[in-house]
Amino acid sequence: MRAVLRAHDVRRSFGTVEVLSGVDLEVSAGEFVTLAGPSGSGKSALFAVLSGFDTADSGDVLLLGEPMTEHPSWSDCAVLPQVMGLADELTVAENVALPLRLRGEEPTARVQALLDELGIGALGDRYPTELSFGQRQRAALARALAPRPRLLLADEPTAHLDHATVPLVLGLLRRAADEGAAVLVASHDEEVHEAAHRRLRLVEGRVTAGDLTR
Ligand SMILES: Nc1ncnc2c1ncn2[C@@H]1O[C@H](COP(=O)(O)OP(=O)(O)OP(=O)(O)O)[C@@H](O)[C@H]1O
């Protein structure tokens, strides 16, 4: 398997507190990997660095063998942040279609199919502010999946969802990996970790092989 994402000795401090103290990790094409860790351990801080949104103080982040850039394309790296970041001036369907339009494609049936699979097929014409948090989270996932990204980084993708909806989201994340994406998911949700091929854990600023106890 080929590493799509590789981080080596990544360090990041805020003020005098070193949150990431030499993180090493790799996620390969076709893998669904989860990251656990106590609240405040630095999972979101790590995702910000891994997605190019933030810059490490030192260390390397490589996407497809190249240094991570500040704005990777949605096709290379799609991010589902904890704060969902949908564009409020676009409808849900327009939001999901955006990564396709940005690479010059007309939106396809895939946009509606993803919304349908996530149980929000009737909400495509609404604006994000007219949706519940859980519905917005699903719309943001649809947008991340639409361009079939090589790397998908999802921070707490089930945080606002009810029990019936979690399997829909996990099914789509697994399918993205089965179709060749490298998928890394930070979560406190045991159900998410149970669905993973491999589990990691962030403890005291470093990533280790994880287990189901958080
Ligand atoms: N931009 C920032 N400025 C200052 N401190 C920050 C910043 N970002 C994160 N931190 C600090 O880094 C630590 C890790 O935060 P982070 O949000 O990454 O944790 P987390 O593991 O994602 O937590 P949770 O599971 O609760 O979402 C916290 O102590 C937080 O206060």
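Just one of the numbered conditions (1) at pLDDT 95 or above; (2) polar (S, T, N, Q); (3) more than 21 Å from Arg198 (Cβ to Cβ) is not true of Thr34: (3).
Based on what the data block shows, is His160 under 20 Å from Ala48 (Cα atoms) and at pLDDT below 95? No: the conditions fail for His160. Considering region 92-116 alone, what residues qualify as being modelled with pLDDT under 95 and over 19 Å from Ala78 (Cα atoms)? If the condition is that a residue be modelled with pLDDT under 95 and over 19 Å from Ala78 (Cα atoms), then Ala109 is the only one that fits. With respect to Ala142, is the statement that it is within 27 Å of Ala45 (Cβ to Cβ) and crowded, with 18+ Cβ neighbours inside 10 Å true? Yes.
Among the residues of region 145-169, those identified as buried (at least 21 other Cβ atoms within 10 Å of the Cβ) and part of a helix (DSSP H, G or I) are Leu145, Val169. Of all the numbered requirements in (1) without any contact (Cβ under 8 Å) to a residue 40 or more places away in the chain; (2) within 16 Å of the ligand (Cβ to nearest atom), Asp57 misses one, and that requirement is (1). Would you confirm whether or not region 133-144 contains a residue that is under 17 Å from the mean Cα position of the chain (by Cα) and over 25 Å from Ala48 (Cβ atoms)? No, there is no match, as no residue in region 133-144 is under 17 Å from the mean Cα position of the chain (by Cα) and over 25 Å from Ala48 (Cβ atoms). When region 171-214 is examined, which residues are found to be surrounded by fewer than 13 Cβ atoms within 10 Å (Cβ to Cβ) and in contact with a His (Cβ under 6 Å, 6 or more places away or on another chain)? Scanning region 171-214 gives a single hit, Leu212.
Using the structure shown, decide if Val79 is assigned to a strand (DSSP E or B), within 13 Å of the ligand (Cβ to nearest atom) and under 23 Å from Arg150 (Cβ atoms). No; evaluated as a whole, the condition is false for this residue. The set of residues from region 82-101 being in contact (Cβ under 8 Å) with a residue 40 or more places away in the chain and in a helix (DSSP H, G or I) comprises Val92, Asn95, Val96, Ala97, Leu98, Pro99, Leu100. The lone criterion from (1) closer than 23 Å to Leu173 by Cβ; (2) away from the ligand (no atom under 16 Å from the Cβ) left unmet by Glu66 is number (1). Note on region 44-54: among residues that are free of Cβ contacts under 8 Å to residues at least 60 places away in the same chain and in a helix (DSSP H, G or I), the one that is nearest to the ligand (Cβ to nearest atom) is Ala45. Considering only residues that are closer than 21 Å to Ala3 by Cβ and within 16 Å of the ligand (Cβ to nearest atom), which ones fall in region 180-196? Correct list: Leu184, Val185, Ala186. Is at least one residue of region 161-168 away from the ligand (no atom under 16 Å from the Cβ), touching a Ser or Thr at 6+ places or on another chain (Cβ under 7 Å) and of a type in the set (D, E, K, R)? So far as region 161-168 goes, no, none of its residues is away from the ligand (no atom under 16 Å from the Cβ), touching a Ser or Thr at 6+ places or on another chain (Cβ under 7 Å) and of a type in the set (D, E, K, R).
The values are calculated or read from the model by the stated rules, or taken from the named source; none is laboratory data. Model, not experiment: these values are computed from the prediction. Glycine gets a Cβ as well: all are built from the backbone with ideal geometry, and neighbour counts include every protein chain shown.
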